[in-house]
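What follows is a short report on a single structure.
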Amino acid sequence: SSIPLTFKGHSVSPTFHFDFDRISFGVVSYGFLNSKTLTLTNTSEVTMRFALRIPGDGRFAQKEFDVIPPRGMLLPNCSQKVQIDFISVNVKTYDLCLVVDLDGVGQELASIPIQARCAVPVVSFDPPESLEYGEIFIRYPAHQTLVFNNTSALPAKFQIMPQDESSLSLAEFEPDQASGSVPPASSHVVTFTLTAHKLGPLQIPISIRVLGHNVVQQIMLTANSIGPIVNVETALLDWGNARCLEPITRNVKVTNNSVIDAQVKAFMKSQKSLWSISPKSLRLKPYESAQLALTLTIDEATKMNDLMHIVVDEGKDIQVAVKGRGVGTPMTCKEKLSAIDFGTQYTTQTITREFFIENRGRKPRKLVWLPEAVVENKAKKDTLENHAPIFTVTPDTLVLEAKCGFRYQFHAVCPVPKQISEVFVCQEFAGSDRKGTTVFKTEIKGNFVVPLLQLSTQTLNFKFMWHKSTPISPLSHSLTITNTSPLDIRFFLRVQPPFHVNTESIFLKPEDNVEVRVEFDPAFKVDRTCGIVKQKLMLVYQDHPQRDHVNLVGEVVFPNILLSHDSLDFGSVLNETTKQLSIKMENPHPLPVNYQWMFCEECELTDDGFERGVTGDGSLRSTMVTSPSMMNTQTGAFGRTGTIAEGLGTLDETSSAVASRRASDTSKQGTGNVGGAGAMGGALSRKDAPPQSPIDINQIFDILPIMGTLEPGASQMVTFTYFGLSSQKFEAVAVCQAEGGPEYEVALQGQASKLEFRIDKTELDFGDVLFTQVLEREIFITNTGKVAYYYSFNLSGVSRPFVVDASP
């Protein structure tokens with residue numbers, strides 16, 4: 001079933017009112033904001049939604065009125081503040097109204113009239129047409145003020161228009177405010193900052209618009225843009241007398257009398273000016289001062305002048321005149337020529353120092369180098385000619401052209417060690433000058449020494465003692481050489497065999513030393529005789545004539561003996577008789593000598609390797625010569641090359657081989673076979689004998705003792721016996737062989753003969769002799785044989801022996 005529902009209500013219209021019945025702005029100034037406030041009150045018991053607007057106002061940007069808030073909601077018995085803002089942009093009288101619209105109720109339910117009149121104030125400028133800046137510095141902001149005078153009762157608004165782009169490259173201005181207002185009957189100051197970008201006069205227009213006026217006012221900014229102002233302390237600098245090539249500096253004070261930085265460059269007018277500037281470029285801060293150093297290096301003895309230009313960037317250039325007078329000489333040398341010290345050098349060596357001397361002047365000059373003693377006439381010319389100078393200059397005379405140089409050579413060579421000093425002067429002759437001017441005075445000195453080597457010994461002694469079981473090998477000694485010279489030394493060692501050194505070239509620094517091994521080879525004594533060899537180890541210095549030496553003494557001691565005779569001539573003996581001769585054998589050396597005597601065979605060696613001898617009948621006999629290996633087997637302790645075969649025939653006197661090889665066989669010991677001590681055999685040369693069978697040499701000669709040992713310092717007599725055989729002459733060579741030593745030969749010769757003589761008379765007839773008379777008769781006794789004999793007269797058979805006498 002349905003239940004009825006009844007709704008019941010009472011409809012009323014909203015009611016409201018404003019606290020003002022009209023809004024009057026009065027006379028307003030163009031462009032200014034004017035505000036009025038009023039209150040809207042909801043007097044009804046219902047909530048209302050309202051909207052406020054002013055019909056006849058412009059739209060969007062052209063609106064002159066603004067209602068705040070334009071709409072809203074009011075609760076019953078509540079109020080709302082409403083603000084009306086009015087900015088007049090038209091010069092006219094305003095008669096409008098504010099209407100109220102209620103949502104859901106109706107439009108323009110209420111209205112309030114709005115009344116206003118817009119007027120434009122009168123504004124003037126001071127200065128009225130142009131704003132003068134005078135001289136301003138480029139790129140430095142300059143300030144000037146423009147006064148806005150509002151003589152009306154309304155405030156005025158102004159607007160400074162942006163600068164024209166075409167003038168931005170010349171200068172830029174900037175107001176401290178681009179827009180603003182001027183109170184009624186008052187003034188307003190605007191500061192303009194002008195920054196110039198170009199030099200010279202400037203005119204920059206300023207466009208100022210006063211709101212409400214249709215004409216834009218123009219004010220001209222005028223200025224003269226300048227660069228930095230730089231001043232110098234003086235406009236003339238005088239150096240007076242200045243020595244040639246001696247730099248003299250004067251300072252010029254440069255001041256920047258401006259508020260901007262100054263870039264300054266300075267240069268001389270002449271391209272090749274004698275003046276130099278430092279610094280050539282500088283930057284001066286505002287009101288800063290700096291010194292420009294002008295250095296004069298005059299190159300000729302004459303007056304000089306020039307002009308210095310100071311260029312100020314974007315400013316005025318400045319000129320400073322400079323002048324000076326040169327005195328002295330323009331000759332110069334980069335190196336110091338007052339003293340040349342050659343230091344310590346070796347004598348006889350030429351030491352050279354080079355110095356480059358320049359003529360920086362503008363005229364040619366003749367330079368002459370002389371010893372100071374010559375210049376002052378202290379030394380005679382012939383004295384200098386007789387003594388070779390130690391110091392010389394090359395060349396000693398030279399004409400040096402302007403702006404040219406030459407490399408002089410100073411030489412030093414001293415033949416003897418000493419410390420010496422000498423003064424040289426260089427005289428200059430310029431133009432037609434006859435009298436020279438001394439431009440350089442140089443003390444040349446040096447300390448000359450000879451190479452000094454300290455040797456550990458001045459003599460090296462080598463002594464070789466032969467020993468049977470020790471092979472012959474070189475002996476060595478060490479020699480220490482120290483360089484005691486103050487300089488490096490390079491030298492060479494020179495020595496002749498049998499001495500040797502392990503190095504030939506040596507380089508030593510001061511106080512360095514080296515050990516040299518010196519060797520002595522005793523094998524050089526191939527004849528095995530004792531001896532002493534003396535030589536010098538020469539020290540030859542490089543590039544120096546001095547020679548030093550070390551004495552080298554090499555002694556070789558072999559088993560050696562001394563024989564009192566090297567030949568024995570038995571002369572002639574009677575057939576079948578003997579004769580003995582002795583020689584003295586001494587050992588003066590420190591080694592004992594084992595010796596052995598033997599006879600040496602005389603033989604020839606044929607092309608087929610057989611030895612050939614001559615027999616007693618003149619026929620040839622041949623035997624094979626022993627080979628070295630066979631000879632070694634037959635050699636005893638003494639090293640001879642074999643023994644003579646028994647029964648070799650004698651050599652006939654008619655054999656030419658005997659006579660031709662006598663001398664060579666004697667000098668070349670051991671060329672033939674040697675008979676051993678037991679055999680004593682060999683061929684024998686027999687002269688003046690008819691052909692017969694060979695005779696053994698042992699039958700002719702004998703030696704005692706045949707072998708033995710001779711102690712050091714001992715001596716011994718050796719007896720040689722000759723057996724004379726029937727009227728024959730014999731020759732032989734006896735060899736004494738010392739073990740480890742040489743062979744000694746003794747030539748033997750003997751002849752046997754019968755006794756033969758002849759008397760020229762067998763009867764002496766004195767005739768009649770007076771009783772008191774003495775008569776003499778001579779007989780000649782001649783020894784027709786080869787044997788000396790003694791004779792005597794036997795007067796016993798004379799009847800009257802006292803009457804006859806024989807003499808001798």
Please give the residues of segment 421-450, grouped as numeric ranges, whose backbone N is less than 19 Å from a label point set 7 Å along the Cα-to-Cβ vector of Glu372. 421-428, 436-447
Given H placed 1.01 Å from N in the peptide plane, which residues other than close sequence neighbours of Leu400 have an amide H under 5 Å from its amide H? Arg365, Lys366, Leu367
For the pair Arg490/Thr437, report the inter-label distance in nm, with labels modelled 7 Å from Cα in the Cβ direction. 4.7 nm
Projected onto the charge dipole of segment 12-123 (unit charges on the beta-carbon of Lys, Arg, Asp and Glu, signs +1, +1, -1, -1), the Cα from Pro69, Gln107, Ala51 with the largest positive-side position is that of Pro69
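Would you please give the FRET efficiency between Ser473 and Ser726, computed as 1/(1 + (r/R0)^6) with r the Cβ-Cβ distance and R0 = 56 Å, to the nearest 0.05? Don't skip to the answer; put the middle values down first.
Numbers: r = 56 Å, r/R0 = 1.00.
It comes out at approximately 0.50.
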Length gained if Ser2 through Arg517 is fully extended, taking 0.36 nm per residue and subtracting the Cα-Cα distance, is 170.0 nm
About the Cα centre of the chain, how large is the charge dipole given +1 on each Lys and Arg Cβ and -1 on each Asp and Glu Cβ? Please answer in debye to the nearest 20. 3980 debye
State the answer as a single residue: which of Phe599, Ala235, Tyr791 lies farthest towards the positive end of the charge dipole of the chain, with beta carbon charges of +1 for Lys and Arg and -1 for Asp and Glu, about the Cα centre. Ala235
P(r) tail for segment 352-463, what percent of Cα pairs lie past 21 Å? 50 percent
Each residue of segment 214-226 in turn: what ³J(HN,Hα) in whole Hz from Karplus with 6.51, -1.76, 1.60 and θ = phi - 60°, glycine and Pro shown as x? 7, 9, 8, 7, 10, 10, 9, 8, 10, 7, 10, 7, 10
Might you tell me the accessible area per residue for the chain, computed with a 1.4 Å probe and given in Å²? 55 Å²
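Taking a threshold of 23 Å on the Cα-Cα distance, which of the pairs Lys418/Lys536; Lys198/Lys285; Lys468/Lys525; Lys269/Lys366; Lys579/Lys754; Lys366/Lys441 fall above it?
Numbers: Lys418/Lys536 29 Å; Lys198/Lys285 20 Å; Lys468/Lys525 16 Å; Lys269/Lys366 32 Å; Lys579/Lys754 15 Å; Lys366/Lys441 16 Å.
In this structure, Lys418/Lys536; Lys269/Lys366 lie more than 23 Å apart at Cα.
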Potential lengthening between Asp164 and Glu288 on full extension [0.36 nm per residue; Cα-Cα distance subtracted]: 41.0 nm
dims of segment 172-330, Cα set, principal axes, largest to smallest, nearest Å -> 88, 23, 19
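With the full set of protein chains in place, find how many percent of the accessible area of segment 1-143 is carbon and sulfur; take the probe as 1.4 Å.
Values: 4560 of 8820 Å².
Here it works out to 52 percent.
Could you tell me the ratio Rg/Rh of segment 198-241? Both radii from Cα atoms, Rh via Kirkwood. Intermediate values should be presented prior to the final figure.
Numbers: Rg = 23.3 Å, Rh = 15.2 Å.
Using Cα coordinates only, the ratio equals 1.53.
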Would you rank Ser152, Ser485, Ser270 by solvent-accessible area, highest first, keeping every protein chain in place and using a 1.4 Å probe? Ser270, Ser152, Ser485
Quick one: check the C-alpha center-to-center distance for segment 213-263 versus segment 36-84, whole angstrom. 72 Å
Between Ser792 and Phe757, what FRET efficiency follows from the Cβ-Cβ distance if R0 is 22 Å, with the result rounded to 0.05? 0.95
Go ahead and run the numbers for FRET between Asp543 and Lys303, Cβ-Cβ distance against an R0 of 56 Å, rounding to 0.05. 0.55
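How large a share of the accessible area of segment 536-583, in percent, is made up of carbon and sulfur atoms when the probe is 1.4 Å and the other protein chains stay in place? Walk me through the numbers on the way to the answer.
Working: 1060 of 2260 Å².
Reported share for carbon and sulfur atoms: 47 percent.
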What whole-number value in cubic angstrom gives the convex hull volume per residue for the C-alpha atoms of segment 703-808? 197 Å³
Tell me, what ³J(HN,Hα) does each residue in segment 186-201 have, in order and in whole Hz, if you take phi through Karplus 6.51 cos²θ - 1.76 cosθ + 1.60 with θ = phi - 60° and put x for Gly and Pro? 9, 10, 9, 9, 10, 9, 10, 9, 10, 10, 7, 10, 10, 7, x, x
How large is the direction-averaged shadow of the alpha-carbon convex hull of segment 406-539, in nm²? 13.6 nm²
Once each part is reduced to its C-alpha centroid, what is the distance from segment 175-199 to segment 708-758 in angstrom? 157 Å
Mind computing the radius of gyration and Dmax over the alpha-carbon atoms of the chain? Å is fine for both. 74.6, 256
Cα→Cβ-extended label distance, 7 Å offset, between Phe60 and Ser24, nm: 3.6 nm
Hypothetical label at Val105: residues of segment 7-28 whose amide nitrogen lies under 20 Å (7 Å Cα-Cβ projection): 9-22
Calculate the length of the line joining the C-alpha centroid of segment 91-112 to that of segment 535-580, in whole Å. 166 Å
Please list, in order along segment 523-529, the HN-Hα scalar couplings obtained from phi with the Karplus expression 6.51 cos²θ - 1.76 cosθ + 1.60 (θ = phi - 60°), rounded to whole Hz, x for Gly and Pro. 5, 5, 7, 6, 7, 6, 9
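How many percent of the accessible area of segment 269-405 is carbon or sulfur, using a 1.4 Å probe?
Values: 3770 of 7760 Å².
Reported share for carbon and sulfur atoms: 49 percent.
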Could you point to the residue in Val322, Gly361, Val416 farthest towards the positive end of segment 322-458's charge dipole, with +1 and -1 charges on the Cβ of Lys/Arg and Asp/Glu respectively? Val322
If the viscosity is 0.692 mPa s and the temperature 37 °C, what translational diffusion coefficient in µm²/s does Stokes-Einstein give for segment 456-534 when Rh comes from Kirkwood over Cα pairs? 227 µm²/s
Please compute the volume of the convex hull spanned by the alpha-carbon atoms of segment 290-413 and report it per residue in Å³. 173 Å³
Dipole magnitude of segment 421-490, debye to nearest 20 (Cβ charges: Lys/Arg +1, Asp/Glu -1, about Cα centre): 380 debye
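Assigning unit charges at the beta carbon (Lys, Arg +1; Asp, Glu -1) and nothing else, what dipole magnitude in debye, to the nearest 20, does segment 152-231 show about its Cα centre?
Roughly 180 debye for segment 152-231.
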Per the Debye formula with a single identical scatterer at each Cα and no solvent contribution, what log10 I(q)/I(0) holds for segment 243-359 at q = 0.22 Å⁻¹? -1.17
Out of segment 93-174, which GluC sites (Glu not before Pro) are coil in DSSP terms and have no more than 16 other C-beta atoms within 10 Å? Glu129
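Let me have the 222 nm mean residue ellipticity of the chain computed from DSSP H runs of 4+ only, each contributing -39500 (n - 2.57), with the sum over all residues rounded to the nearest 500. Intermediate values should be presented prior to the final figure.
Details: 5 runs with 28 residues, N = 808.
Mean residue ellipticity, 222 nm, calculated: -500 deg cm²/dmol.
Looking at this model, which pairs from Lys303/Lys435; Lys265/Lys403; Lys445/Lys509; Lys280/Lys323 are more than 26 angstrom apart at the alpha-carbon? If you can, show how the numbers build up before the last one.
On the way: Lys303/Lys435 22 Å; Lys265/Lys403 29 Å; Lys445/Lys509 24 Å; Lys280/Lys323 19 Å.
Pairs exceeding 26 Å: Lys265/Lys403.
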Give me, ordered by chain and number, the residues 5 or more places off Cys78 or on other chains with an amide H under 5 Å from its own placed amide H. Asn42
The set of residues whose placed amide H lies less than 5 Å from the amide H of Thr344, leaving out same-chain residues fewer than 5 positions away, is Asn447
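The values are calculated or read from the model by the stated rules, or taken from the named source; none is laboratory data. Quick caveat: nothing in here was measured; it's all calculated off a predicted structure. Virtual Cβ from ideal backbone geometry, glycine too; neighbours counted across all protein chains shown. Accessible surface is based on the protein model in full, side chains and every heavy atom, while ligands, DNA and RNA are left aside. Shrake-Rupley method; radii C 1.70, N 1.55, O 1.52, S 1.80 Å.
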